[in-house]
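Okay, so here's the structure we're looking at.
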Amino acid sequence: MSKIRCLGLWLSIAVLASNWLSAQQAPAAAASEINLVAEHEERVGNVFRAWGKVRIQYRELTLFADWIEINTETKDVVARGSVSLHLPDEAIYMEELQGNLDSTEGILENVYGQLKPTVSYGAESVERDNQELYHLDKAWLTTCSQTTPRWRFSCSRANFKKDRYVEMWNAVFRIKNIPVFYLPYFRYPLHQQRATGFLMPQAGYNGQKGFTFSQSFFWAMRRNMDATFNLDYYSARGAGAAAEYRYIFPGGVGGQAQLYYFRFNNQSLQDEKNAYILRLNHSQPLPLDFRLVADIDYQSSFDFLREFDNNFRRAVVSNRSSQIYLSRSWSYFNWNVRASRFETYYKSRDRSIIRLNLPEAGFTASKIRLISPLYFSFSSAFNRWEYGWDDQFEAGTQRRSQSFAFRPTLTLPFTSIPWMTMNTAFTSNLNYYFQSYAPGTSQVVSEPLFTQNHSLNVEFIGPVFVKIFYDGEGQPKLKHILEPTVRFAYDSLISTSDRIITQRFFYRNNYLFYGMTNHFMVKQERGSRDLVTLILGQRYYFDPETSPLQNYQVEGKIPEYSDVEASLRIYPSNRYYLDFSAGYNPYESEFSRLRLGLNLGSPAEDRFLRINWYKSTDPFREVVAFSRHQINLYGGFKIPGLPLETTAELDYNILEKELLYSALAMVYHYQCIDFKADLRIFYFRDKPEAQFSFSLELGNIGRTNDFLGGLGF
């Protein structure tokens, strides 16, 4: 025991001695933090002067110079000659430095700097406030990594925040020392994440609207929200301004809001009025598991959208919509209420169809098991609606009504036989209408009307035939499934159906549907997938006079048979597919509708092509107002061996034998800079016009996409 106590005493003495020696040597160690190497040096107190290949190492900082004066106590330093300062991820070369090694603050003269990974800059003088912020005078900057940068910005002064941004005043953008454009103020991000600042502008010329210019400013407010502000200028027509706000909040709240306003100038036509566009999408959960959804797409002028929107698909569709939707789902039940307004404008008639629901409410229950396999469900709805042409709304003569409906349903599925399925549903339709037509007239009267009828739907799928094809090794390779389908639908008569106010006309579902589905499926590592699907089907109406065909006639008679519907889908992979559908009129012995969609490759590949072809005839001649025959081609390719991408689009009206729209875009990747040229010709407008646009994309700055379509396809 005495030996152990003695050993513990000696250990304690050794630890105390070690601590005392360390304390005595601490000042010397602190002084030795500065490691100075030079051909010549002299010392006066705490001040060292050194010259001839001087090198100072201090913490993570390394300084080289021809001549240096340093105070080892204050860490102030002056360096002249070929001065270079090396910090983690940064190297700075200059002629003179006055600064402090601890704070790394100082003033630098005739500076050239490199910041990892690709930032290079130069300035006549730099004031470094701390490790993050620089003030530059008569400077230039680039993120181009080439020895001779392809592009750079020069400016009178700049503020440079390391790893964040550089803001410049009187900035001139140059490509190979050729000035391209001037900006009084410009902010350039130095990282790949979202950053506040101006996007690269786009400029061009339009045959009808003159010189065009678009500029966007992006505001990264927070991680969960941002905004873009945009300015469009057309020298011959006027200017527009846009604001777009995007947001995501905890709990599933999110959406975006867009607002655009265009002001015509004095050179435009006198009858043109200033126009605006409002778009809103919002989704938000509410207390008690309710959810609110709002959707608005409104423009003050359909003509403005057709003449100014650079997005072809949006310009040729004239719709306005606004709706707000509140819903809640729990267990078997769903409750919802909606207020909505939809408007579609027909330019050939210069009129709009308007549909208004104020409000539309529903309460439903689904698949409540009563006695296996019998299920009960119901739907109930209240709807107050108005429908008609816009001039009817102005005159107050639009159709309007309000009703309440309750529809209980009993469902009996049968799946006991593997190769056959039968689903039977019996529904009672109870409807209460608050207004009705006076008997034998089309005059609306405030006489309630109660109707009831019953519906029966029986569907047979089967017998299902399956054949499996095997490869040479006996492994399943291809499966063929043949599914015949027969569906019987019956609605009982309503004696007072002529008094029911409807938006268009009242009809019954009283038909027999028969069809065939062919599936060809291929084996994969996990399960199988459809390779080819072919579907054929037709309806036979037992009571044509009350069917959906009641307004159509062939040789004075209402058809009993619908068109033969066919669809073919071939999906060898996600990148390649063919989607074809058709409707064949057996009375006219011609196709009433044909549609083809073909996709070869994807835009991310070296080449891709998409074809959309649509044709519809007028099988009933005097009823269907419009026939269409149109094709859209959209594709692109990358030229092998050249940093060049091309994208093209074409819309052609085969029926009228005229072009509607054509576009060609080319992007040239010049290492650290992308040039994009875009040519579009709008044939469908009142006065066909050609439009050319040009833009750049630099490093961390994307190009401007204007609110009215932008440069992209």
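The values are calculated or read from the model by the stated rules, or taken from the named source; none is laboratory data. This is a predicted model, so every value here is computed, not measured. Heads up, the Cβs are rebuilt from the backbone with ideal geometry, glycines too, and the neighbour counts pull from every protein chain shown.
Name the single residue, out of those in the stretch 484-538 being within 19 Å of ASN453 (Cβ to Cβ) and β-branched (Val, Ile, Thr), that is surrounded by the most Cβ atoms within 10 Å (Cβ to Cβ).
Top of the filtered list is ILE501.
Scan the stretch 551-606 for residues that are within 30 Å of VAL522 (Cα to Cα) and not aromatic (Phe, Trp, Tyr) and report the count.
29
Look at the stretch 452-474 and say how many of its residues are touching a residue at least 24 places away in the same chain (Cβ under 8 Å), in a loop (DSSP other than H, G, I, E, B) and more than 43 Å from the chain's Cα centre (by Cα).
So the answer is 1.
Which of the following residues is in a strand (DSSP E or B), under 16 Å from SER321 (Cβ atoms) and among the hydrophobic types (A, V, I, L, M, F, W, C): ILE353, ILE368? Don't jump to the end; show me each part of the working.
Values: ILE368 fails: under 16 Å from SER321 (Cβ atoms).
The conditions single out ILE353.
Quick one: would you say GLY396 is modelled with pLDDT under 95, out of contact with any Lys or Arg (no Cβ under 9 Å at 6 or more places or on another chain), on the phi > 0 side of the Ramachandran plot and loosely packed, with under 14 Cβ neighbours inside 10 Å? Give the derivation first.
Values: modelled with pLDDT under 95: yes; out of contact with any Lys or Arg (no Cβ under 9 Å at 6 or more places or on another chain): yes; on the phi > 0 side of the Ramachandran plot: yes; loosely packed, with under 14 Cβ neighbours inside 10 Å: yes.
When the stated conditions are applied, GLY396 passes them.
So the check is Cβ under 7 Å with 6+ separation or different chains; which pairs have a first residue in the stretch 271-291 that's at positive phi and touching a residue at least 12 places away in the same chain (Cβ under 8 Å) and a second one that's assigned to a strand (DSSP E or B) and of a type outside the set (D, E, K, R)?
These pairs meet every condition: ASP289/TRP330.
May I ask you to say which residue of PRO586, PRO544, PRO559, PRO548 is farther than 30 Å from SER528 by Cβ and either hydrophobic (A, V, I, L, M, F, W, C) or in contact with a Leu (Cβ under 6 Å, 6 or more places away or on another chain) (or both)? If you could, list the steps in order and put the result at the bottom.
Numbers: PRO586 fails: either hydrophobic (A, V, I, L, M, F, W, C) or in contact with a Leu (Cβ under 6 Å, 6 or more places away or on another chain) (or both); PRO544 fails: either hydrophobic (A, V, I, L, M, F, W, C) or in contact with a Leu (Cβ under 6 Å, 6 or more places away or on another chain) (or both); PRO548 fails: either hydrophobic (A, V, I, L, M, F, W, C) or in contact with a Leu (Cβ under 6 Å, 6 or more places away or on another chain) (or both).
Of the residues listed, the single one that is farther than 30 Å from SER528 by Cβ and either hydrophobic (A, V, I, L, M, F, W, C) or in contact with a Leu (Cβ under 6 Å, 6 or more places away or on another chain) (or both) is PRO559.
Determine whether ARG314 is more than 22 Å from ASN281 (Cβ to Cβ) and not in a strand (DSSP E or B).
On the way: more than 22 Å from ASN281 (Cβ to Cβ): no; not in a strand (DSSP E or B): yes.
Answer is no for this residue.
Residues in the stretch 420-443: is at least one of a type in the set (Gly, Ala, Ser), within 22 Å of THR517 (Cβ to Cβ) and within 42 Å of the chain's Cα centre (by Cα)? I'd like the intermediate steps shown before the answer.
Going residue by residue through the stretch 420-443, those that are of a type in the set (Gly, Ala, Ser) are 425, 428, 436, 438, 440, 442.
Pick out the ones that are also within 22 Å of THR517 (Cβ to Cβ) and you get 425.
Filter once more, so that each one left must be within 42 Å of the chain's Cα centre (by Cα): 425.
Yes, the conditions are met somewhere in the stretch 420-443.
Taking the stretch 441-485, which residues are in contact with a Gly (Cβ under 8 Å, 6 or more places away or on another chain) and not hydroxyl-bearing (Ser, Thr, Tyr)? Show your work before the answer.
Going through the stretch 441-485, the residues in contact with a Gly (Cβ under 8 Å, 6 or more places away or on another chain) turn out to be 483-485.
Those that are in contact with a Gly (Cβ under 8 Å, 6 or more places away or on another chain) and not hydroxyl-bearing (Ser, Thr, Tyr): GLU483, PRO484.
For (1) free of Cβ contacts under 8 Å to residues at least 12 places away in the same chain; (2) more than 19 Å from SER616 (Cα to Cα); (3) outside any loop (DSSP other than H, G, I, E, B), each residue gets a yes or a no:
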{"position": "VAL486", "(1), (2), (3)": "no, yes, yes"}
{"position": "GLN503", "(1), (2), (3)": "no, yes, no"}
{"position": "ASN509", "(1), (2), (3)": "no, yes, no"}
{"position": "HIS519", "(1), (2), (3)": "no, yes, yes"}
{"position": "VAL522", "(1), (2), (3)": "no, yes, yes"}
{"position": "ARG539", "(1), (2), (3)": "no, yes, yes"}
{"position": "LEU549", "(1), (2), (3)": "no, no, no"}
{"position": "ALA566", "(1), (2), (3)": "no, no, yes"}
{"position": "TYR577", "(1), (2), (3)": "no, yes, yes"}
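Hey, among the residues in the stretch 115-136 that are farther than 24 Å from HIS669 by Cα and surrounded by fewer than 15 Cβ atoms within 10 Å (Cβ to Cβ), which one's modelled with the lowest pLDDT?
Among residues in the stretch 115-136 that are farther than 24 Å from HIS669 by Cα and surrounded by fewer than 15 Cβ atoms within 10 Å (Cβ to Cβ), the one modelled with the lowest pLDDT is GLN131.
Say we look at the stretch 308-351 and pick out the residues that are touching a Lys or Arg at 6+ places or on another chain (Cβ under 6 Å) and either small (Gly, Ala, Ser) or crowded, with 18+ Cβ neighbours inside 10 Å (or both); which of these is farthest from ASN705 (Cα to Cα)?
Taking the candidates together, the pick is SER327.
Of all residues in the stretch 233-247, count the ones that are within 16 Å of ASN310 (Cβ to Cβ) and touching a Phe, Trp or Tyr at 6+ places or on another chain (Cβ under 7 Å).
Residues in the stretch 233-247 being within 16 Å of ASN310 (Cβ to Cβ) and touching a Phe, Trp or Tyr at 6+ places or on another chain (Cβ under 7 Å): 6 in total.
Out of the residues in the stretch 58-96 meeting the condition of being β-branched (Val, Ile, Thr) and in a loop (DSSP other than H, G, I, E, B), tell me which one is nearest to GLU33 (Cα to Cα). Walk me through how you get there before you give the answer.
Residues of the stretch 58-96 that are β-branched (Val, Ile, Thr), as a first pass: 62, 68, 70, 72, 74, 77-78, 83, 92.
Now restrict to residues that are in a loop (DSSP other than H, G, I, E, B): 72, 74.
Values: THR72: 9, THR74: 13 Å.
Looking at the filtered set, the residue picked out is THR72.
Within the stretch 396-404, can one find any residue that is free of Cβ contacts under 8 Å to residues at least 40 places away in the same chain, β-branched (Val, Ile, Thr) and part of a loop (DSSP other than H, G, I, E, B)?
Yes, the stretch 396-404 has at least one match.
I'm trying to understand the selection: among the residues of the stretch 340-350, which are under 17 Å from ARG306 (Cβ atoms) and in a strand (DSSP E or B)? Can you show your working first?
Narrowing the stretch 340-350 to residues under 17 Å from ARG306 (Cβ atoms): 343-350.
Result: GLU343, THR344, TYR345, TYR346.
Anything in the stretch 526-558 that is within 20 Å of VAL486 (Cα to Cα) and not hydroxyl-bearing (Ser, Thr, Tyr)? List them, or say none.
LEU534, ILE535, LEU536, GLY537, GLN538, ARG539, PHE542, ASP543, PRO544, PRO548
Got a sec? Which strands (runs of 3 or more DSSP E) wholly within the stretch 169-288 have at least 3 residues that are over 30 Å from CYS155 (Cβ atoms)? Full working, then the answer.
Values: elements: 178-189, 202-206, 210-222, 225-234, 238-249, 253-264, 275-286.
Those strands (runs of 3 or more DSSP E) span 238-249, 253-264, 275-286.
Looking at (1) of a type outside the set (Asp, Glu); (2) surrounded by 16 or more Cβ atoms within 10 Å (Cβ to Cβ); (3) within 13 Å of PHE308 (Cα to Cα); (4) out of contact with any Phe, Trp or Tyr (no Cβ under 7 Å at 6 or more places or on another chain), which one does TYR260 not meet, given that it meets all the others?
In the conditions (1) of a type outside the set (Asp, Glu); (2) surrounded by 16 or more Cβ atoms within 10 Å (Cβ to Cβ); (3) within 13 Å of PHE308 (Cα to Cα); (4) out of contact with any Phe, Trp or Tyr (no Cβ under 7 Å at 6 or more places or on another chain), TYR260 misses (4) alone.
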